[in-house]
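Working notes for the structure below.
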Amino acid sequence: MLPHVSASSKPSGLRAKKKLSLGAALAAVMMFAAACGSTATKGSTTSASTGSPNPNGVINYAETPDSSLNWFLPIVNASYDSIQNFQFIYQMYKPLLWVNANYSINWNSSIAKKITYNKAGTVYHVFLHKKWHWSNGQPVTSKDVLFSWDVIKEASSPQAPAPWPYVGAGTGDIPNGVQSVVANNPYEVTFTLKKPANQQWFIFNGIIQVVPMPSAAWDIHKNILNEVKYLGSEGSNPQFDQVVDGPFKIGRTKRDQYWELVPNPKYNGHKSKVKALYFDYEGSSSSEFAALKTGTVNVGYLDLSQYGSKSVLTNLGDVITPEYLFGYFETQLNMFPGSPVKSLLDKLYVRQALQMSLNRQAINQDIYHGYAPPIDGPIPQTPKTQFFDPALAKNPYPYSPAKARKLLESHGWKMVNGVMTRHGQPLALSLAYPTGTQSETTEVQLMQADWAKAGIKVSLQSMQANQLEEITYTPSESAHWDMATGLAWFYDGPGYWPTGGQLFASNAPSGFGYSNSTEDALIQATHQPYPTAQQSLNAFYKYEDFTATHLPVLWQNNVGTLAVHAPNVHGSVKYADASVGFPQMQYWWVSK
């Protein structure tokens, strides 16, 4: 289950790509399971449905440290846009499209049963299942879809009343790129765009943002501006959510202690077999570890800093599985205008020498106990998704300081007192990193030593994560840093098609000054319509392959952590939908 941490900074509308410090990520990834292919440590396995369900069984699900749920509607502004909130919200409200762990659409769990579109990529017909109903007995229909769309449109305006604007405005060209949304009948809606778009891109970044809301219960003002004000005023009130269509409904809540969900008896899908599901507040990873030992938490996490204590849990029968995020960890390269090292980092061969000097396998094994596989491009191999190009299974820049030295020498650099030098300029750079974890400090020290083997002199500069993010994302601050590491991006909504337009295109709002016309063209090609989904994916692979080898950033390691499941909890791995971040908790159960 993917994290959204309040300390991160991101452009409005970019929940799809979330920036975290490594320290924050390590704290937040704890509940993410790579459900496919993950292996458990010694102990029983949660994948086997042994025993019979306990009708009085309760699941206590540990929140990441110091995470408090504070928003309960399926439309949100930037400040409330957290993975913790949406893990809770999606247990009450069914999205129009539910995304699986491999980033395909799970039509059985979606409000929509299929989508058809024209070859031009301008018209999309969304057909709804007739099986879904609200907890008050009324069917979920196109009227609810249109109500949600009208709220999104009004809340997306920069002039929308507080607490808006809507966080997804702009992602998938929502709402400004849409000409119209109309209901053809109670179970069919048509989206018409102003210009052609890649069909998969619009489905995964645009249509996917619509979560039907109960119009009969909530559309009480018959004035969309007043309605947006009304919903904004009730969003932080969990007891407002009395009409739901998801597997759970709200129970008792006590801020900074627990938030209870109980099964929705009117749910039309797989009904939960537990008595209650608690999202438990945790003040720290140490307090959460203590709760695992006593059994007051039965689905939690083991921080990698506590790795040496894992036997305490496995001896109790707990199952521990590795967890990974769908995204990438990076070292940022300052190529902004005004950067003191722009002339160096603009050169591809310098970036290549930096990349091939990183011993990421050593980082994986020596620091993260084998739970941090290297990443070789914008799409990780783990967790597995349709977006990873098999052609990148082989690292294009394997670790070799010797080859890095030869590459630099072929461009006129010579070793002088242990540092590569050209025309009197030493190849010397600073590396900023966030404080907070020993593993991060150890990692940058290893990187520094690796680069020194290639004759690249790197000085380390530590700072608070929020300060680091503020500096690296502010072009006017470009004179104050060279490289920065310990940060990551995750593709987890409101858009899910992980193209790089807002990351690697020239003048990208979340870029670092990198600019290349070929990159721009390949990104633009991913937004164009194609006759088939495979052709669309092929265009994506071309973007992915070029980005991997052209190094707009340096690729690091996908740092995972460890999920802990009590031996009598079942389904919490299989139905984690972990790389996306939104588990199907109605399939979790507790045995007698």
Self-check item: Whole-number percent relative contact order across segment 327-555, with pairs defined as alpha carbons under 8 Å at least 6 apart
Solution: 30 percent
Quiz item: If you stretched the chain out fully between THR294 and ASN315, how much longer would it get, using 0.36 nm times the residue separation minus the C-alpha to C-alpha distance?
Solution: 6.3 nm
Quiz item: Can you work out the FRET efficiency for the pair LYS266 and ALA428, with r the C-beta to C-beta distance and R0 = 60 Å, to the nearest 0.05?
Solution: 0.35
Self-check item: Contour minus Cα-Cα distance for SER157 and THR192 (0.36 nm per residue)
Solution: 10.6 nm
Quiz item: For LEU225 and GLN365, what does the FRET efficiency come to when R0 = 60 Å and r is the distance between their Cβ atoms, rounded to the nearest 0.05?
Solution: 0.55
Quiz item: Measuring from the lowest to the highest alpha carbon on each principal axis, how far does segment 499-592 reach, largest first, in angstroms?
Solution: 61, 34, 22
Practice problem: Report, to two decimal places, the Cα Rg of the chain normalised by 2.2 N^0.38 Å (N = number of residues). | Solution: 0.97
Quiz item: Over the chain, what relative contact order in percent results from Cα pairs under 8 Å that are six or more residues apart?
Solution: 27 percent
Practice problem: With a cut-off of at most 15 other beta carbons within 10 Å, and DSSP calling the residue loop, which trypsin sites (Lys or Arg not before Pro) in segment 110-214 qualify? Please list them. | Solution: LYS119, LYS130, LYS131, LYS194
Self-check item: Cα-projected label distance for ALA479 with GLN242, points at 7 Å along beta-carbon direction, nm
Solution: 6.0 nm
Self-check item: segment 48-91 residues near the modelled SER233 label - backbone nitrogen below 16 Å, point 7 Å along Cα→Cβ
Solution: none
Practice problem: Please give the helix 533-550 orientation as an angle from the longest Cα principal axis of the chain, in degrees from 0 to 90, rounded to the nearest 10. | Solution: 30 degrees
Quiz item: Ranked from highest to lowest mean number of other Cβ atoms within 10 Å per residue, what is the order of the peptides 520-528, 541-549?
Solution: 541-549, 520-528
Exercise. Find the Cα radius of gyration of segment 285-397, compare it with 2.2 N^0.38 Å by division, and give the number to two decimals.
Key: 1.45
Practice problem: Can you check how the C-alpha radius of gyration of segment 327-555 compares to 2.2 N^0.38 Å, as a plain ratio? | Solution: 1.01
Practice problem: For an R0 of 45 angstrom, estimate the FRET efficiency from the Cβ-Cβ distance between ASN70 and ALA391 and round to the nearest 0.05. | Solution: 0.55
Quiz item: Ranked from highest to lowest mean number of other Cβ atoms within 10 Å per residue, what is the order of the peptides 309-317, 196-204, 210-218?
Solution: 196-204, 210-218, 309-317
Quiz item: Per the Cauchy relation, a quarter of the hull surface: what is the mean projected area of the convex hull of the alpha carbons in segment 70-234, in nm²?
Solution: 9.4 nm²
Self-check item: Degrees, to the nearest 10: 224-234 long Cα axis against longest axis of the chain
Solution: 80 degrees
Exercise. Take every Cα-Cα distance within segment 215-255, group them into 10 Å bins from 0 onward, and report for each bin the whole-number percent of pairs it holds.
Key: 24, 50, 24, 2
Practice problem: Once you have the Cα-Cα distance between SER400 and ALA521, take 0.36 nm times their residue separation minus that, and quote the gain in nm to one decimal. | Solution: 40.4 nm
Quiz item: Can you give the charge dipole size of segment 377-455 about its Cα centre, rounded to the nearest 20 debye, using +1 on the beta carbon of Lys and Arg and -1 on the beta carbon of Asp and Glu?
Solution: 360 debye
Quiz item: What ³J(HN,Hα) values, in whole Hz, does the Karplus curve 6.51 cos²θ - 1.76 cosθ + 1.60 give for segment 141-153 when θ = phi - 60°, with x put for Gly and Pro?
Solution: 10, 4, 4, 5, 5, 5, 4, 4, 5, 4, 5, 4, 4
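None of the figures in this text is laboratory data; all of them are computed from the coordinates on show. Please read all numbers here as calculations on a predicted model, not as lab measurements. Here the Cβ is made from the backbone with ideal geometry for all residues, glycine too, and neighbour counts use every protein chain on show.
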